[in-house]
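Chemist: Sharing a structure with you now.
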There are 2 protein chains.
Amino acid sequence: MQAELISVGTELLLGQTLNTNVKFLAEQLASLGINIYFQTTVGDNRERLLQALRIATGRADLIILTGGLGPTEDDLTKETLAEFLQLPLEIVPAELEQIKSLFKRSDFNWTKNNDKQAAFIPGSSILKNEIGSAPGMALKNGKQGYLILPGPPREMTRMFLQYAQPWIKEIFQDELQGILYSTVLKFMGITESGLEVLLADLLHQQKEVTLALYAKTGEIQLRITTRAQNRKDFAQKITPVFNEIKKRTTAYFFAQDDVTITDVVAQLLLKKNFTLSTAESCTGGMLAESLTAVPGSSAYYLGSIVSYANSVKARLLGVPQDLLEKHGAVSREVGMAMAQQIRVLTGSDLGIGITGIAGPEGGSPEKPVGLVYIALATPDTTICTECHFMGDREIIRRRSVLRAYYLIWQYLQNTL
Amino acid sequence: MQAELISVGTELLLGQTLNTNVKFLAEQLASLGINIYFQTTVGDNRERLLQALRIATGRADLIILTGGLGPTEDDLTKETLAEFLQLPLEIVPAELEQIKSLFKRSDFNWTKNNDKQAAFIPGSSILKNEIGSAPGMALKNGKQGYLILPGPPREMTRMFLQYAQPWIKEIFQDELQGILYSTVLKFMGITESGLEVLLADLLHQQKEVTLALYAKTGEIQLRITTRAQNRKDFAQKITPVFNEIKKRTTAYFFAQDDVTITDVVAQLLLKKNFTLSTAESCTGGMLAESLTAVPGSSAYYLGSIVSYANSVKARLLGVPQDLLEKHGAVSREVGMAMAQQIRVLTGSDLGIGITGIAGPEGGSPEKPVGLVYIALATPDTTICTECHFMGDREIIRRRSVLRAYYLIWQYLQNTL
């Protein structure tokens with residue numbers, strides 16, 4: 001079964017409003033097992049809306065329109081759908097009374113143009129608007145279903161969940177079977193293309209279960225999708241491929257779905273009873289900020305010295321002056337000393353040191369922009385990775401922070 | 001002149017990703033005076049993308065596609081456009097080298113499937129991707145212009161502003177006229193309603209020139225919009241109202257357009273030759289991160305101690321233990337001591353101290369969530385403001401950082 005979304009509103013095409021309705025409806029329809037092949041946005045214009053309706057009706061079973069339900073002249077979704085279907089609109093007296101009573105309860109005066117919010121195609125279902133004045137409308141016309149929902153996201157989402165979704169389930173009960181479930185696996189320390197090579201046969205073999213790769217900053221995501229009766233059925237269906245993927249990617253697979261690397265590291269620190277402190281140069285506090293964004297992080301995170309100036313590296317952090325002079329502030333030696341010093345100064349179990357060149361200035365042929373040393377000091381040893389990141393200042397800093405998390409994750413995974 | 005947007009990506013139709021690209025591009029095109037009548041989203045599917053291209057080409061002068069530019073098999077936007085236009089794709093050796101060299105500089109291995117990112121329609125313009133591996137493409141084919149941009153919003157916005165927008169202006173220079181110009185004024189230390197009262201007559205009087213207020217986190221924005229021939233004409237048209245606004249708001253107006261409070265403070269520090277250091281508790285490095293996001297910040301910013309644990313406040317920052325015990329870590333006294341100590345320890349001219357309760361846990365009737373003390377230590381004195389912020393953990397932390405900037409801005413404005 002296929003649905004198509006039509007978002008109506010000139011404000012969307014002027015960029016004044018971010019269209020969040022599409023994401024919500026797409027998620028909802030996916031969870032019902034309904035495919036969306038197209039979504040169209042069109043302005044408050046009768047002719048162009050007619051054109052969009054014509055195209056959508058030619059290729060979908062269910063057409064959902066959002067927006068253009070209000071009282072003003074440029075709200076014309078209902079009128080245009082009626083015209084398209086060659087069906088009349090008639091005032092429903094009970095609805096008119098309802099809308100009038102809303103006005104009586106508010107400070108606003110009734111104006112005649114509110115009438116049209118109470119007009120519907122005879123035989124359609126009226127969808128109640130609990131938090132706004134414009135009701136929605138649902139009808140089956142021949143093979144197709146049409147749903148009209150208000151544009152404001154709060155009104156739309158509420159109306160969809162309370163009234164539109166049950167209507168779809170009832171009207172299309174024969175077409176709906178097996179809801180589409182999906183889960184996202186997250187990887188670090190490997191590229192999208194590297195992962196594609198590693199999982200090539202699985203990516204191509206799957207029929208019922210589909211796999212798709214996405215590159216995000218500092219991590220790669222793999223989405224596993226299939227139709228299933230419920231969550232448990234879904235888990236069973238994907239178990240073979242999931243296990244095979246995990247087997248091949250143990251060094252890279254760190255989390256699933258909404259769980260972030262920050263969460264994973266936080267949980268491991270808590271579980272293994274380790275405390276952490278950080279010393280940051282080029283990331284300038286970004287790692288500290290990210291760690292402390294987690295509520296309750298004071299249980300394992302002690303603090304940071306952001307040693308942006310060399311004088312701070314030496315005076316506050318106690319990096320030996322001769323290391324700074326001999327190797328430069330951006331060096332393996334200084335990165336390791338930063339990690340070791342912050343660990344000792346704060347008395348934490350683990351210490352991270354980050355020093356590098358985030359750019360755009362400050363690079364040289366020997367030490368180009370993107371060169372970052374990330375060190376981890378533990379009770380036993382200190383390790384340091386030399387990274388060469390692509391991207392602008394912001395991206396280089398973000399990648400550095402993610403790599404630091406990756407180091408801590410790798411270490412804690414292999415620690416009792 | 002009419003443009004049409006085609007967003008390519010199954011993740012958009014599954015509701016996994018919010019489509020922010022449409023809003024950005026719609027705003028940009030509106031500011032160029034280009035109308036958008038339709039926007040379509042289509043999945044990673046050759047046939048349906050061909051269908052979308054056919055429909056769009058039938059009704060628009062400029063077609064902008066976003067997404068589906070990556071190295072994997074389901075990235076097929078460029079291939080499908082070439083097929084639609086019946087034009088070949090050819091590997092451009094220089095681009096291939098460029099992409100390969102990106103791989104060489106990074107820690108990742110080159111895989112063959114990255115090749116296709118270097119393939120383009122002969123005669124098209126290659127749009128450089130400064131922060132990702134997939135370049136974009138622009139070409140004029142008959143009457144129509146086609147633009148392909150990457151899907152990730154950071155890459156897309158940067159490529160659009162740097163390369164695509166100039167291309168549009170050049171290729172369609174005859175069609176573009178009477179562009180809508182606007183400028184945004186930014187204010188701190190006053191509410192939206194306070195500003196509305198202050199500017200009431202101006203907000204209502206304007207006809208050709210329109211004014212609109214927007215409340216953002218920690219600042220209020222006022223947009224001035226009017227049609228003009230060019231930037232200079234625009235500046236002349238708005239000068240009277242602009243001057244009147246500035247006259248009434250000297251204590252609050254701090255910047256215009258893309259300039260942030262961070263930029264303003266950075267420029268003032270440089271100009272007045274002041275150095276700064278920070279000591280953060282509840283903001284956990286967010287102020288340091290924000291200060292060091294500015295390239296060249298090492299000229300005036302020395303560093304920070306993120307004293308998340310009380311032991312760090314005492315041991316590293318040297319806040320007297322009796323202050324911590326008598327007043328608690330979240331107190332005016334400790335906030336001021338943090339600012340003074342970091343100033344002395346780093347030898348900076350100015351020191352900021354922030355201590356508070358960001359929540360969701362840790363509040364009490366005497367010291368509720370949202371209570372934050374922000375102190376500024378200067379060569380002459382130390383001042384401290386007690387703030388009561390609303391919002392969640394993230395918002396409270398962001399408001400604290402912005403208030404710290406406001407303190408520094410106020411001080412530097414009144415200093416020789």
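Chemist: Net charge around A:Thr239, counting only other residues with Cβ within less than 14 Å of its Cβ (Lys, Arg = +1; Asp, Glu = -1)?
Modeler: Neighbourhood net charge equals +2.
Chemist: Keeping every protein chain in place, order B:Ile55, B:Ile408 by accessible area at 1.4 Å, biggest value first, i.e. largest first.
Modeler: B:Ile55, B:Ile408
Chemist: State in Å² the accessible area per residue of region A:179-256; use a 1.4 Å probe, count heavy atoms of protein chains only, and round to the nearest integer.
Modeler: 46 Å²
Chemist: Could you check which residue among A:Pro122, A:Pro295, A:Pro240 shows the biggest mean-square fluctuation in a GNM of chain A with a 10 Å Cα cutoff?
Modeler: So, out of A:Pro122, A:Pro295, A:Pro240, the one fluctuating most is A:Pro295.
Chemist: R0 = 45 Å: FRET efficiency of B:Lys367 with B:Thr111, Cβ-based, nearest 0.05?
Modeler: So, using R0 = 45 Å, E works out to roughly 0.20.
Chemist: Taking θ = phi - 60°, what integer Hz values does the Karplus form 6.51 cos²θ - 1.76 cosθ + 1.60 yield along region A:226-233, in sequence order, with x for Gly and Pro?
Modeler: 7, 7, 8, 6, 7, 4, 5, 4
Chemist: By how many nm would the segment from B:Glu386 to B:Lys246 lengthen if fully extended, with 0.36 nm per residue of separation less the alpha-carbon distance?
Modeler: My answer for the length gained is 47.6 nm.
Chemist: For the protein assembly as shown, what does -39500 (n - 2.57) per DSSP helix run (n ≥ 4), summed and divided by total residues, give at 222 nm, in deg cm²/dmol to the nearest 500?
Modeler: About -11500 deg cm²/dmol.
Chemist: Mind checking the angle between helix A:393-413 and chain A's longest principal axis? C-alpha axes, 0 to 90 degrees, to the nearest 10.
Modeler: 70 degrees
Chemist: On C-alpha positions alone, give me the angle between the axis of helix B:46-57 and the longest principal axis of chain B, in degrees, nearest 10.
Modeler: Taking the Cα atoms of chain B, the angle to B:46-57 is about 90 degrees.
Chemist: In whole angstrom, note down how far apart the Cα centers of region B:311-345 and region B:48-67 are.
Modeler: Cα centres, region B:311-345 to region B:48-67: 62 Å.
Chemist: Shortest first and in nm to one decimal, what separations exist between A:Val344 and its copies in the other chains, measuring from label points 7 Å along the Cα-to-beta-carbon line?
Modeler: 2.4
Chemist: Straight-line reach from B:Lys313: which lysines fall under 17 Å, measuring Cα to Cα and dropping same-chain residues less than 8 apart?
Modeler: List returned: B:Lys326.
Chemist: Can you send over the solvent-accessible area of B:Ser290, 1.4 Å probe, protein chains only, in Å² to the nearest 10?
Modeler: In the full protein context, B:Ser290 sits at about 20 Å².
Chemist: Output ³J(HN,Hα) for region A:72-77: one whole-Hz value per residue in order, computed from phi by the Karplus curve 6.51 cos²θ - 1.76 cosθ + 1.60 with θ = phi - 60°, and x for Gly and Pro.
Modeler: Computed from phi, the couplings for region A:72-77 are 8, 4, 7, 8, 9, 5 Hz.
Chemist: Under 8 Å for C-alpha pairs, at least 6 residues apart: give me the relative contact order for region A:2-171, rounded to a whole percent.
Modeler: Dividing the mean separation by the residue count of region A:2-171 yields 23 percent.
Chemist: Same structure, new question: What angle do you read, to the nearest 10 degrees and between 0 and 90, between the alpha-carbon axis of helix A:93-105 and the longest principal axis of chain A?
Modeler: 50 degrees
Chemist: Using a 1.4 Å probe, how large is the accessible area of A:Val22, given in Å² and rounded to the nearest 10?
Modeler: Looks like 20 Å² after rounding.
Chemist: Separate question: Which lysines does B:Lys140 reach when only Cα atoms under 19 Å apart count, and residues fewer than 8 places away in its own chain are ignored?
Modeler: Output for B:Lys140: B:Lys78, B:Lys128, B:Lys169.
Chemist: Okay, next question. Say the dipole of the protein assembly as shown comes from +1 at the beta carbon of Lys and Arg and -1 at that of Asp and Glu; which of A:Ala164, A:Pro379, A:Val209 then lies farthest toward its positive end?
Modeler: So the residue we want is A:Pro379.
Chemist: How large is ³J(HN,Hα), in whole Hz, for each residue of region A:21-37 in order, when computed from phi with the Karplus curve 6.51 cos²θ - 1.76 cosθ + 1.60 and θ = phi - 60°, using x for Gly and Pro?
Modeler: Going residue by residue, I get 5, 4, 4, 4, 5, 4, 4, 4, 5, 4, 6, 8, x, 9, 7, 10, 9 Hz, with x marking Gly and Pro.
Chemist: Taking only Cα atoms and a 10 Å spring cutoff, compute GNM fluctuations for chain A and point out the largest among A:Gly370, A:Gly67, A:Gly362.
Modeler: Of A:Gly370, A:Gly67, A:Gly362, the Gaussian network model singles out A:Gly362 as fluctuating most.
Chemist: Give, rounded to the nearest 20 debye, the magnitude of the charge dipole that the protein assembly as shown has about its Cα centre when Lys and Arg contribute +1 at Cβ and Asp and Glu contribute -1 at Cβ.
Modeler: 700 debye
Chemist: Report the label-to-label distance for A:Glu394 and A:Leu87 in nanometres (one decimal), using points 7 Å from each Cα along the Cα→Cβ vector.
Modeler: 4.7 nm
Chemist: Could you name every residue in region A:2-34 that has 40 Å² or more less accessible surface in the full protein assembly than in its own chain alone (probe 1.4 Å, ligands and nucleic acids excluded)?
Modeler: Residues of region A:2-34 that lose at least 40 Å² of accessible area once the other chains are added: A:Leu13, A:Leu14, A:Gly15, A:Leu18, A:Lys23.
Chemist: Okay, next question. Determine which lysines satisfy two conditions relative to B:Lys216: a Cα distance under 21 Å, and not lying fewer than 8 residues away in the same chain.
Modeler: B:Lys23, B:Lys186, B:Lys246
Chemist: Percent relative contact order of chain B, based on C-alpha pairs within less than 8 angstrom and at least six residues apart?
Modeler: Relative CO of chain B lands at 10 percent.
Chemist: How much FRET efficiency would the formula 1/(1 + (r/R0)^6) give for A:Asn414 and A:Arg231, where r is the Cβ-Cβ distance and R0 is 25 Å, rounded to 0.05?
Modeler: 0.20
Chemist: Residues of region B:2-171: accessible area per residue at 1.4 Å, in Å²?
Modeler: 39 Å²
Chemist: Leaving out ligands, DNA and RNA, what percent of the accessible area of chain A is carbon and sulfur, probe 1.4 Å?
Modeler: Ligands and nucleic acids excluded, carbon and sulfur reach 50 percent.
Chemist: When the dipole is taken about the Cα centre of region A:179-256, and only Lys, Arg (+1) and Asp, Glu (-1) are charged at their Cβ, what size is it in debye, to the nearest 20?
Modeler: Once rounded to the nearest 20, the dipole reads 300 debye.
Chemist: Could you pull the accessible area for A:Trp409 with a 1.4 Å probe, rounded to 10 Å²?
Modeler: 10 Å²
Chemist: Note down the relative contact order for region A:179-256 as a percent, whole number, built from C-alpha pairs under 8 angstrom at least six residues apart.
Modeler: Dividing the mean separation by the residue count of region A:179-256 yields 44 percent.
Chemist: Here's a follow-up. Could you give the length gained by full extension between B:Asp201 and B:Glu175, i.e. 0.36 nm per residue of separation minus their alpha carbon distance, to one decimal place?
Modeler: So the chain would gain 5.6 nm between B:Asp201 and B:Glu175.
Chemist: If you take every residue apart from A:Arg46 with its C-beta less than 9 Å away from the C-beta of A:Arg46, what net charge results, scoring Lys and Arg +1 and Asp and Glu -1?
Modeler: -3
Chemist: Provide the buried accessible surface between chains A and B in square angstrom, both chains summed, 1.4 Å probe, rounded to the nearest 100.
Modeler: For chain A against chain B, roughly 6300 Å² becomes buried.
Chemist: Now for a separate question. In terms of modelled amide H atoms, which long-range or inter-chain residues lie less than 5 Å from the amide H of A:Ala255?
Modeler: HN-HN under 5 Å from A:Ala255: A:Lys186.
Chemist: Please check: in the Gaussian network model of chain A (C-alpha springs, under 10 Å), which one of A:Asp115, A:Asp322, A:Asp392 has the largest mean-square fluctuation.
Modeler: Comparing A:Asp115, A:Asp322, A:Asp392 in the GNM, the peak value goes to A:Asp322.
The values are calculated or read from the model by the stated rules, or taken from the named source; none is laboratory data. On a predicted model such as this, the values are computed, not experimentally measured, just so you know. When we count neighbours, we look across all protein chains shown, and the Cβ atoms used for this are built from the backbone with ideal geometry, even at glycine. Surface areas here come from the heavy atoms of the whole protein model, side chains and all, with no ligands, DNA or RNA. Shrake-Rupley method; radii C 1.70, N 1.55, O 1.52, S 1.80 Å.
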